[in-house]
1. Give me the one-decimal nm value for the distance between modelled label points at A80 and T15, 7 Å along each residue's Cα-to-Cβ direction.
2. Given a 1.4 angstrom probe, what's the average accessible area per residue across the chain, in square angstrom?
3. Arranged from highest to lowest average of other beta-carbon atoms within 10 Å per residue, in what order do the peptides 43-51, 59-67 appear?
4. Keeping every protein chain in place, order L32, L89 by accessible area at 1.4 Å, biggest value first, i.e. largest first.
5. Take H123, H86 and sort them by solvent-accessible surface of the protein heavy atoms, 1.4 Å probe, largest at the top.
6. If amide hydrogens are placed 1.01 Å from N in the peptide plane, which non-local residues have theirs closer than 5 Å to the one on S70?
7. Just want to confirm a number: the relative contact order over the chain, from Cα pairs under 8 angstrom separated by 6+ residues, in percent.
8. Students sometimes get this wrong: rank K99, K31 by accessible area, probe 1.4 Å, all chains present, largest first.
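The values are calculated or read from the model by the stated rules, or taken from the named source; none is laboratory data. As the structure is a computational prediction, the values presented were derived from the model and not from experiment. Positions of Cβ are generated from backbone atoms using ideal geometry, with glycine treated the same way; all protein chains shown enter the neighbour counts. Side chains included, ligands, DNA and RNA excluded: accessible areas come from the protein's heavy atoms. Shrake-Rupley method; radii C 1.70, N 1.55, O 1.52, S 1.80 Å.
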Amino acid sequence: MKTDNILDRFPIMWTGSRGDISQEQITNFEKLNKVKFPSDYIDIVLEFNGGFANPNLIEIENKREVVFESLINWDPNKKANIYFWHEILGNGKIVPFGKDPFGNVICFDFSQSNEPSIMFWDHESDSLIFVANSLNSFLGKLRASAT
């Protein structure tokens, strides 16, 4: 029985869960793409599929601030869901899980390890920018706007 809950470890308010998701969908995606999502991500997305995080700002390279607008939705009936974004990114070991309001996505990078790092995909430059070594590190770096 799992006693450590990701939702208790980080002071993040998740709101606006939208759409259907099941453990079976996640497991099928993992098998098809030969990846294994962090269990903390699974806990979050099963409860807050497509939801919004607060705080939601993170700093990446060159002190650039990025907005983590929401989790990417798993519902196959929703537009711009995880299947859509994964295809945009080439159906490989870069798997999107979050998005910003400007058409960019935050991704797991499984290309180097089964323990994915977190990357930011900038759609304008079609480039990946390192964000954090792990999901927990990413969540720990989220902060509120100064305004």
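1. 1.9
2. Details: 7980 Å² over 147 residues.
Result: 54 Å² of accessible area for each residue.
3. By packing density, highest mean first, the sequence is 43-51, 59-67.
4. My answer, sorted largest first, is L32, L89.
5. On the way: H123 75, H86 5 Å².
Output order, biggest surface exposure first: H123, H86.
6. Result for S70 returns K99.
7. Answer for the chain is 20 percent.
8. Order by accessible area, largest first: K31, K99.
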